[in-house]
Amino acid sequence: MNNPISGAGMTSQRTRERLIQRLRSAGIRNEQVLNVMCQMPRHLFVDEALASRAYEDTALPIGFGQTISQPFIVARMTEALLQGGPLKNVLEVGTGSGYQTAVLSRLVDRVYSVERIAPLIERARQRLRTLKIRNVHLKHSDGLCGLPEYAPFDGILAAAAPEELPKALLEQLAIGGRLLIPAGRQGNTQVLYRITRSKAGFQQEELEQVSFVPMVSGIPV
Ligand code: SAH
C-alpha cells in the first residue's frame, strides 16, 4: 500500500517538485521555504476528490465557502514574514485547512493559529496530528481580536482580508515584528501589506495585488 503522506501519481514527490520549480521561476528565493513546501503533503489538506489537483498552483475549495491558499501566495507571504531573521512566536489568522499553519510550523519556533469556523479547525487539528506537528496551538476564535493572551508576536500572518488594518493585530505585534496582511475595500482584490513595527511606530510596504476571502467578524452560531 502507498504511504498516504508520501503520495503517488498526481500526489507524488515528483509532482511536488514540479510545483517547487514553478514557485522558483515565479520568484520565490528562500530555500528553506521551498524545501519545507517540497516536503509538505498539500494533498492531505484538501478533500480526496481534489487531491490530484493539490500540486497545481491554485487555491482550492475546502468547504464553508473557504479556500486553501494558492501555493505561490503561501510561499510569498512566508518568505516576506521570515525576511529579517528567525521568528519565535507567530500568530496566523484564518487556519482554514491548516496548510499554511503546517508550513510555518517547520520554519518558526511556535505557531498560534485562530479560525472562526469550528469544523475547519477540527479537521486542521487532525491533519497536524497525522503529520506529528506539535509546535502549533489552534484556537476557535475571532482573529480580528488577535490572541492577546499569547501576545506580543514577532510575526503575524493573516490569511483572510479585512477592509482596514485591525487595530488589535497592530497592537499585538512586538517591536521589530512583522505583520503580513491583505487588506482593501475593492471587491475580490486587495493589496498585500507588510507592516513592520519599530520603536518609532509602524512602517508599511505594499507587496502585491492579491485575492483573499474576507476576514469576517464574530464566531458563527
Ligand atoms: N491559510 C489557509 C487559508 C484559509 S482561507 C489555508 O491555506 O487553508 C481563510 C480562513 O480565514 C477561512 O477559513 C476563514 O474562515 C478564516 N477567517 C475569516 N475571518 C476570520 C476571523 N475573523 N477570525 C478567524 N478566522 C477567520
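Just so you know, all these numbers are worked out from the coordinates, no wet-lab data involved. For clarity, every value in this text was computed on a predicted model and none was experimentally measured. We place every Cβ from the backbone using ideal geometry, glycine too, and count neighbours over all the protein chains shown.
A few notes on this one:
- For GLU92, distant residues with modelled amide H under 5 Å away: TYR112, SER113, VAL114, LEU157
- Whole-angstrom gap from region 147-169 to region 190-221, using each part's C-alpha centre: 8 Å
- Near LEU207, the amide H atoms lying under 5 Å from its own belong to LEU192, TYR193, ARG194; only residues 5 or more places off or on other chains count, and H is placed 1.01 Å from N.
- Bridging of LYS132 to lysines at a Cα separation below 20 Å is possible for LYS88, once same-chain residues fewer than 8 apart are set aside.
- With the simple spin-label model, which puts each label point 7 Å out from Cα in the Cβ direction, the LYS88 to SER211 separation comes to 4.0 nm.
- The GluC sites (Glu not before Pro) found in region 115-218 that occupy coil by DSSP, while having at most 12 further C-beta atoms within 10 Å, are GLU163, GLU164.
- Among ALA54, ALA102, ALA168, residue whose mean-square fluctuation peaks in a GNM of the chain (springs only between Cα atoms under 10 Å): ALA168
- For the chain, the longest principal axis of the Cα atoms and the long axis of helix 13-25 meet at an angle of about 40 degrees.
- Among GLU31, GLU92, GLU56, the residue with the largest mean-square fluctuation in a Gaussian network model of the chain, with springs joining Cα atoms closer than 10 Å, is GLU31.
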